[in-house]
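Working notes for the structure below.
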Amino acid sequence: MRNFKKVVLAYSGGVDTSACIPYLMNEYGVEEVVAFAADLGQGEELEPIRKKALDAGASDSFLDNLIAPFIEEFAFPAIRANALYEGKYPLSTALARPLISRRLVEIAQELGADAVAHGCTGKGNDQVRFDIAIATLAPELKVLTPAREWDMSREELISYGERYGIPAPVTKKSPYSIDLNLLGRSIEAGPLEDISKAPPEEVFQLTSSLEEAPDIPQEIEISFESGNPVAIDGITMDPISIISKANTLAGKHGFGRIDMIENRVVGIKSREIYETPGLLLLIKAHQEIESLTLSSDVLRTKLTLERQWADLVYQGFWFSPLKNALDGFINCTQKDVNGTVRIKLYKGSANVIGRQSLTNSLYFSDYSTYTSRDKFEHKSAEGFIYIWGLPCRLWAHSKRK
């Protein structure tokens, strides 16, 4: 028996985290379990979740609306970083974990708790993200992980919860494991574990199938200021509204589906399905406006660091010194990333068809044109090429010797 006076639990309302409450009290000797649930734009009524925690034995239950910081402090930096883990996944779920961890620590410190807890299993990524974030923000706090220790099947877990007044799920459990927030959905397990087969249409909710998507293309414009999306079709919006509008537009046209074999932090490969219509759309537009406003050397350097930034976030190092240093570089590059990108949405695609920056464009048509307006000094090219290729000339000369 391990004795703790007060523990704050990251609570989702599911069978696992509900069972964590009596388990912490009975197996860890916790006197008070305080539940904390985060509203990240799931679009569902969360008050029943708060009440469910109390019914399961929690001494108190917090429900915090974290949508604004989620978008402004986590999603927008990811857009500025063009963050795509393994070149595909825009970190929609991973970005939520450091925010939840931060608030979990804050509540624990406000209440004088001597530990925090979560319900992550032993082979997922989220356990890594929670544990590292908490250890970085508050190394003095003990992290309790019941789901990594109990040896119970799902049926046994349901029976365990029922013994302590936690009702069994009233509907047939979906074969899929799903995580949802304003940035998108992640879906895994069940039939998806057969990686030779296409995902069934039933797993998608935020994006239309190609058959359901409109038969007429839609052109939209996305405007950026200092690397942040600020308007769609000329209408200025707050960060939450921008994400919501982008989700609606891209999702309606079936854009934003990802089916990938993903390398997890713990070393295994898993098949992951993601729906991230708005986030993918905004990253695509952001990449395009950067191509117009950033110099070639900055673009090449940033491209290398973007991959590292995405890896760090995926692996749980949001609050690390290296991630902070990369933020410094990325944020410095964004002051000139201003302009508008025009995109055509159609049947699962989002194709860039135009871009413009009135203040920071590095595209000068009188240098790139082949018309009479051409200002490029063609005669200078010969000397440039001679110097540029001199190392190759000298190497070739040495071989002839």
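The values are calculated or read from the model by the stated rules, or taken from the named source; none is laboratory data. In this text, all values refer to a predicted model and were calculated from it rather than measured experimentally. As a convention, Cβ positions derive from the backbone with ideal geometry for all residues, glycine included, and neighbour counts pool all protein chains shown.
Quick notes on this structure:
- Pair list, Cβ < 6 Å and 6+ apart or interchain, from region 203-217 residues that are over 14 Å from P277 (Cα atoms) to residues that are at pLDDT below 95 and not in a loop (DSSP other than H, G, I, E, B): V203/I187
- Where a residue in region 294-316 is under 21 Å from L362 (Cα atoms) and its partner, wherever it lies, is among the basic types (K, R) and part of a helix (DSSP H, G or I), with Cβ under 9 Å and at least six apart: L294/K302
- Candidate set: region 13-60, residues that are closer than 23 Å to E156 by Cα and among the polar types (S, T, N, Q); chosen: the one surrounded by the most Cβ atoms within 10 Å (Cβ to Cβ): S18
- Residue in region 266-285 that is crowded, with 16+ Cβ neighbours inside 10 Å, over 28 Å from C120 (Cβ atoms) and not hydrophobic (A, V, I, L, M, F, W, C) present: yes
- From the list T121, T93, the one residue that fits, being surrounded by fewer than 24 Cβ atoms within 10 Å (Cβ to Cβ), touching a Ser or Thr at 6+ places or on another chain (Cβ under 7 Å) and in a loop (DSSP other than H, G, I, E, B), is T93.
- Residues located in region 130-140, provided they are under 16 Å from L9 (Cβ atoms), in a helix (DSSP H, G or I) and touching a helix residue (DSSP H, G or I) at 6+ places or on another chain (Cβ under 7 Å): F130, A133, I134
- Any hit, region 189-196, residues being in contact (Cβ under 8 Å) with a residue 24 or more places away in the chain and charged (D, E, K, R): yes
- Unmet criterion (only one of (1) within 26 Å of M25 (Cα to Cα); (2) surrounded by fewer than 18 Cβ atoms within 10 Å (Cβ to Cβ); (3) in contact with a Pro (Cβ under 9 Å, 6 or more places away or on another chain)) for A133: (2)
- For region 308-339, residues that are in contact with a Leu (Cβ under 8 Å, 6 or more places away or on another chain) and more than 15 Å from G227 (Cα to Cα) total 12.
- Selected residue (criterion: nearest to the chain's Cα centre (by Cα)) from residues of region 184-225 that are under 30 Å from G124 (Cβ atoms), among the charged types (D, E, K, R) and outside any loop (DSSP other than H, G, I, E, B): R185
- Selection of first residues in region 32-56 that are in contact (Cβ under 8 Å) with a residue 40 or more places away in the chain and of second residues that are polar (S, T, N, Q) and assigned to a helix (DSSP H, G or I), restricted to Cβ pairs under 6 Å at least 6 apart or on distinct chains, gives the following pairs, ordered by first then second residue: A56/S18.
- Test for S296: is it among the small types (G, A, S), more than 28 Å from D215 (Cα to Cα) and at pLDDT 95 or above: yes
- Being within 13 Å of the chain's Cα centre (by Cα) and either modelled with pLDDT of 95 or more or in the same structural domain as S226 (by TED's automatic domain parsing) (or both) is true of A94.
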